[in-house]
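Asks: Handing you this structure, nothing more for now.
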Amino acid sequence: MIAVLLRMAEKTHIPLRSAKQEDFAALLIRVAIGRDRAAFATIFDHFAPRVKSFMMRKGASTEVAEDLVQETMIAVWSKAALYAPERGAASTWIFTIARNLRIDRLRRESSAYFTDLEDFDAPSDDVPGDEALNRSQEDSQVAKALAQIPPEQRELLILSYVEDVPQSMIAERLNLPLGTVKSRMRLAYRRMRKLLEVVN
Amino acid sequence: MTIVHHLDDATILSYAAGTLGEALSVAAACHISMCAECRTAVRKAEALGGEILDDLEATAISEARRAATLASLDDARVAKPVVVKSDMPAPLQRLLQGQGFAQLRWRKKAPGVAVYELPLSKGAKGSLKLLSIASGMTMLEHGHGGEELTLVLEGAFKDKVGRFARGDIADLDEETEHCPVIEKGETCICLYATEAPSHYKTLLGRLLQPFLKI
């Protein structure tokens, strides 16, 4: 694991303003290891405006959305050591933090079941370094795969992920039986998985 | 432990997206804690969420908020991973506050059937229960509204779909009607979550129907 961290940290001599996905993973490691404020500010400037859109799409006011952005980004700072690059991209990890806060605050349910499973997410030694790097590249392929699936499937996915609409409500909105929405979801997901396998 | 029955892909997606309700999500999380295959599937679905987040338009953050966030970093506590070792799936262990099945105050609902209600937050719909069903019992034929999950924790049952033992989850579609039989020898303990509006036709409803006349 340490070898991976060092290799990723070595890649961080990059112009801070043009960071890409792999670079955000390295920046998170710099936050985790060195409490690096400049690295954090770069992460903030990229992700905070997107997390704000994410919260507002669910109906949060500007003020509430910014509160949730602040909470999300402070969690990124304080939990950075729990980020495991071999598990996926920085954007994936930040998405899970924002998702959980949205469940807790905007839907007033508890997302504690996600945190209960966090020890499975903790950095481990069982992933060889090369595979760890491959994983973080795999995530940059998700974008390509997403662009390749049919638009109606992509729309369903975005409704689910961004607007926090349960499948039963999507069914109502599109005037489709729940079973149809579910099978379209399955198709979209399997398509994504297959595209990712081809890429690798 | 070999898990045969997994979460449906549609359930994995809505779990990872965070749109699955709390009751169903706790049952899904308990299965995921026991199932490496579904953990991988969730990870992929979360990667999709990360990509969709990254693709969102940027909405400018006020300069004051940015400054306030950066200024508050010194006060933020650094989180450490907490590793709990238990046979009980972690989300269930938390909800039971560490108690074992034998220590719970089960409510007898019918001969051979006991129920233990688990707490959900105020905003949550539906219900989450532990069911204890005596060995040898046969449940009435029932369908699924697509809004319920049953995870086996102890013992086993069999039906036309197959055998469900520890770690297996029944995430069945609306068309599947079945009448499970609890295997002889051991009481079957299941975690049961539903968000269906009425219990009629659900597993629990059909289980109690002859006794409650619902």
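Asks: Mind counting the residues in the stretch A:79-99 that are more than 24 Å from B:Asp74 (Cβ to Cβ) and within 7 Å of chain B (Cβ to nearest Cβ)?
Replies: 8
Asks: Something else about it: Given (1) out of contact with any Leu (no Cβ under 9 Å at 6 or more places or on another chain); (2) over 28 Å from B:Gln99 (Cβ atoms); (3) at pLDDT below 90, identify the lone condition not met by B:Gly145.
Replies: For B:Gly145, the exception is condition (1).
Asks: Considering (1) modelled with pLDDT of 95 or more; (2) facing chain A (nearest Cβ under 9 Å), say which one B:His31 fails and leave the rest.
Replies: B:His31 satisfies all of (1) modelled with pLDDT of 95 or more; (2) facing chain A (nearest Cβ under 9 Å) except (2).
Asks: Among the residues of the stretch B:165-173, is any at pLDDT below 85 and more than 27 Å from A:Tyr113 (Cβ to Cβ)?
Replies: Within the stretch B:165-173 (the criterion being at pLDDT below 85 and more than 27 Å from A:Tyr113 (Cβ to Cβ)), the answer is no, since none of the residues qualifies.
Asks: Return the only residue of B:Lys108, B:Lys122 being assigned to a strand (DSSP E or B) and either surrounded by fewer than 20 Cβ atoms within 10 Å (Cβ to Cβ) or at pLDDT below 90 (or both).
Replies: It is B:Lys108.
Asks: Right, here's the next one. Does the stretch A:172-180 include one or more residues that are within 18 Å of the chain's Cα centre (by Cα), under 28 Å from A:Leu106 (Cα atoms) and assigned to a helix (DSSP H, G or I)? Steps first, please.
Replies: So in the stretch A:172-180, the residues within 18 Å of the chain's Cα centre (by Cα) come out as none.
The answer is no; no qualifying residue exists.
Asks: Count, please, the residues in the stretch B:96-122 that happen to be in contact with a helix residue (DSSP H, G or I) (Cβ under 8 Å, 6 or more places away or on another chain) and facing chain A (nearest Cβ under 9 Å).
Replies: Residues in the stretch B:96-122 being in contact with a helix residue (DSSP H, G or I) (Cβ under 8 Å, 6 or more places away or on another chain) and facing chain A (nearest Cβ under 9 Å): 2 in total.
Asks: In addition: List every residue pair whose Cβ atoms lie under 6 Å apart, where the two residues are 6 or more positions apart in sequence or sit on different chains, the first residue falls within the stretch B:126-139 and is within 16 Å of B:Ala28 (Cα to Cα), and the second residue, located anywhere, is among the acidic types (Asp, Glu).
Replies: Note: pairs meeting the criteria are B:Gly126/B:Glu195; B:Lys129/B:Glu117.
Asks: Among the residues of the stretch A:165-200, what is the count of those that are touching a residue at least 40 places away in the same chain (Cβ under 8 Å) and more than 9 Å from chain B (Cβ to nearest Cβ)?
Replies: Within the stretch A:165-200, residues that are touching a residue at least 40 places away in the same chain (Cβ under 8 Å) and more than 9 Å from chain B (Cβ to nearest Cβ) number 4.
Asks: A further question follows. Inspect the stretch A:127-143 for any residue being more than 16 Å from B:Ile12 (Cα to Cα), in contact with a Pro (Cβ under 7 Å, 6 or more places away or on another chain) and either at pLDDT below 80 or assigned to a helix (DSSP H, G or I) (or both) and give the result as yes or no.
Replies: To start, the set of residues in the stretch A:127-143 that are more than 16 Å from B:Ile12 (Cα to Cα) comprises A:127-143.
When the remaining residues are screened for being in contact with a Pro (Cβ under 7 Å, 6 or more places away or on another chain), the result is A:132, A:136.
Okay, now just the ones that are also either at pLDDT below 80 or assigned to a helix (DSSP H, G or I) (or both), so A:132, A:136.
For the stretch A:127-143, residues more than 16 Å from B:Ile12 (Cα to Cα), in contact with a Pro (Cβ under 7 Å, 6 or more places away or on another chain) and either at pLDDT below 80 or assigned to a helix (DSSP H, G or I) (or both): present.
The values are calculated or read from the model by the stated rules, or taken from the named source; none is laboratory data. Since this is a predicted model, take the numbers as computed values, not measurements. So basically every Cβ, Gly included, is an ideal-geometry build from the backbone, and we count neighbours across all protein chains shown.
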